[in-house]
Amino acid sequence: MFEQENSMGLIDALHWMSRYAKPYYLWLVLSVLTTLILTVINVVNADLIRNLINLAQSGRLQGMIRVIVLLSVMAVIGVFIRYLTTYLTGRFGVYVERDLKQEMIRHLLHLPISSVEKLQTGEFVSLLSNEIPVVSNFVKHRFPGIMFQLLMLLSAAVYMVLINWRLFLVSTVFLPLSMYLLNKVNRNVSKYSKMYFERISEANGTFHDALRGVGIVKAFNLEGVIYQKCKDTYYSALNAAKKQELVRGLSLPLTFIQVRLSYLLCVVFGGYLVYADRLLPGELVAFIQLLGYIVTPSILASTVINEVRRCIGGILRLQKVLNLAGERTDGKHLVLNETEPAVEFENVTFGYSRDLPLLRNLNFSLNIGEMIALVGMSGKGKSTVLKLICGYHEVETGCIQVYGEDLTSLNLNEVRNKIAIVSQDVYLFPTTIEENIRYGRWNATMEEVILAARAANIHEVILGMPSGY
């Protein structure tokens, strides 16, 4: 279900997310402004440190005190702005995550059964516990970090070039090569990470489905089969994780070399420029401080790229499900026409697979007040007939009429309100007995709930339970 057939670029991903972000643009704009202010503060701090060292070298105490006071003020402002940025982006992100989850749950609940049956339980769980958190975490944490690092990189680069463009070139000469190598390494990390999460999702889905069908598992002694299937899938996940860690281990020495080499070149060549009186000591210190804002984004570039890819992958999987057509909600009101059969099948042909019809040219009618029974071997279509009457699936050919009206023209909710189903597979929601009964009519009073229980001959049984209803 989640295989990615289409590709999506960063612009497309941002455009997709924008409809969820639109109601909260104010928080996003404010977070961008605070990020910009924080960038300015960092560059100003570097310039103040440059002035402080140069003033110290010339012995100008009064100027030094003034700069130290300014640095202290900037530090306090910086702490507040960092807090504000974190709060604003976090608030923006949690709202987006909430809206995403609400829309996904609403959409899944309104999908036709034909679409739901194609999805495994593990995929439902994955959508809410993996895909949406990946996207929302990117919005909350990584996106503001990317903004800050890009702004700092550009600001620091401009300031460093103004100080000494030759020192800037020497210090950053090897960064493109190391960025390329790190990207190659981390691309494989992303591949093995994707394999790992796919295997884990598959194993979790298998186990969850086994728990739901625990009666069948016990009846047919399938414990060993289910355990082995989960074990094999977890083993496959383990192999992917080991490969991931093996490749990830290469990134650490590459990162170490990249950082050390940049600072080493900066210190050696910068020291020479200071010795040759072509650079002031304060300028070298400010340069070294700002160099971190160049090196850090280059180190994290491949990681950020992989997180962007992962976010886009999550969006594609969410988009595939959200693009599934929901069940129709239109249709005419159901009128109980007593002169027509309650249900009538006319040459109905239907199959879960187009190539293998289960029902072929089925004809029958059920009159008001009449009782009929469908009898046959398992898998011959008895339950399917009921599903078709409920409108769970569309017939391939033929027509189903309810009180003389084509089922496809009627409002499905009204039709289903007239149908009572007592399934051979009873499912109770994991909540109170009262709430399970109330699902039949949500606004029922407690007296009506008790009347329904009495009608089903379970009232006394319920009262005998520790918590009653």
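State which residue is surrounded by the fewest Cβ atoms within 10 Å (Cβ to Cβ) when the search covers only region 163-219 and only residues that are within 27 Å of L279 (Cβ to Cβ) and of a type in the set (G, A, S).
S178
Does F256 count as out of contact with any Pro (no Cβ under 7 Å at 6 or more places or on another chain) and exposed (fewer than 13 other Cβ atoms within 10 Å of the Cβ)?
Yes, satisfied.
How many residues does region 426-469 contain that are basic (K, R) and either open to solvent by less than 50 Å² (accessible area, probe 1.4 Å) or in a loop (DSSP other than H, G, I, E, B) (or both)? Walk me through how you get there before you give the answer.
Step one: of region 426-469, the residues basic (K, R) are 438, 441, 454.
Now restrict to residues that are either open to solvent by less than 50 Å² (accessible area, probe 1.4 Å) or in a loop (DSSP other than H, G, I, E, B) (or both): 438, 441.
Of the residues in region 426-469, 2 are basic (K, R) and either open to solvent by less than 50 Å² (accessible area, probe 1.4 Å) or in a loop (DSSP other than H, G, I, E, B) (or both).
Within 43 Å of the chain's Cα centre (by Cα) and either open to solvent by less than 40 Å² (accessible area, probe 1.4 Å) or in contact (Cβ under 8 Å) with a residue 60 or more places away in the chain (or both) - does that describe any residue in region 267-276?
No, that holds for no residue.
Could you grab the pairs with beta carbons closer than 8 Å, sequence gap of 6+ or different chains, first residue in region 106-117 and under 18 Å from D330 (Cβ atoms) and at pLDDT 80 or above, second one open to solvent by less than 40 Å² (accessible area, probe 1.4 Å) and assigned to a loop (DSSP other than H, G, I, E, B)?
Short answer, once both residue conditions are applied: P112/H393.
Within region 36-88, count every residue that is in contact with a helix residue (DSSP H, G or I) (Cβ under 9 Å, 6 or more places away or on another chain) and either hydroxyl-bearing (S, T, Y) or at positive phi (or both).
4
Does region 63-84 include one or more residues that are in contact (Cβ under 8 Å) with a residue 40 or more places away in the chain, open to solvent by 80 Å² or more (accessible area, probe 1.4 Å) and under 15 Å from M147 (Cβ atoms)?
Yes, that holds for at least one residue.
With the requirement that a residue be in contact with a Phe, Trp or Tyr (Cβ under 6 Å, 6 or more places away or on another chain) and charged (D, E, K, R), what does region 337-367 give you?
If the condition is that a residue be in contact with a Phe, Trp or Tyr (Cβ under 6 Å, 6 or more places away or on another chain) and charged (D, E, K, R), then E340 is the only one that fits.
Only one residue in G145, G215, G205 is part of a helix (DSSP H, G or I) and under 23 Å from Q289 (Cα atoms), so which one is that?
None of the others qualify; the one that does is G145.
Name the single residue that is farthest from S155 (Cα to Cα) among those in region 246-291 being touching a Phe, Trp or Tyr at 6+ places or on another chain (Cβ under 9 Å) and of a type in the set (G, A, S).
Once the filter is applied, the top-ranked residue is G270.
Can you report the number of residues in region 411-425 which are open to solvent by 100 Å² or more (accessible area, probe 1.4 Å) and either aromatic (F, W, Y) or part of a helix (DSSP H, G or I) (or both)?
Total satisfying the criteria: 1.
Is it fair to say L150 is in contact (Cβ under 8 Å) with a residue 40 or more places away in the chain, under 27 Å from the mean Cα position of the chain (by Cα), in a helix (DSSP H, G or I) and buried (at least 18 other Cβ atoms within 10 Å of the Cβ)?
Answer is no for this residue.
Can you name every residue in region 277-316 that is open to solvent by 40 Å² or more (accessible area, probe 1.4 Å) and over 19 Å from V170 (Cβ atoms)?
L300, T303, I305, E307, R309, R310
Within region 43-62, track down each residue that is exposed (fewer than 13 other Cβ atoms within 10 Å of the Cβ) and in contact (Cβ under 8 Å) with a residue 12 or more places away in the chain.
So the first thing to find is which residues in region 43-62 are exposed (fewer than 13 other Cβ atoms within 10 Å of the Cβ), and the list is 57-59, 61-62.
Listed by number, the list holds a single entry, Q57.
The values are calculated or read from the model by the stated rules, or taken from the named source; none is laboratory data. No experiment lies behind these values; they were computed from the predicted model shown. All Cβ positions, glycine included, derive from the backbone under ideal geometry; neighbour counts span all protein chains shown. Quick note on the areas: whole protein, heavy atoms, side chains included, nothing else; ligands and nucleic acids left out. Shrake-Rupley method; radii C 1.70, N 1.55, O 1.52, S 1.80 Å.
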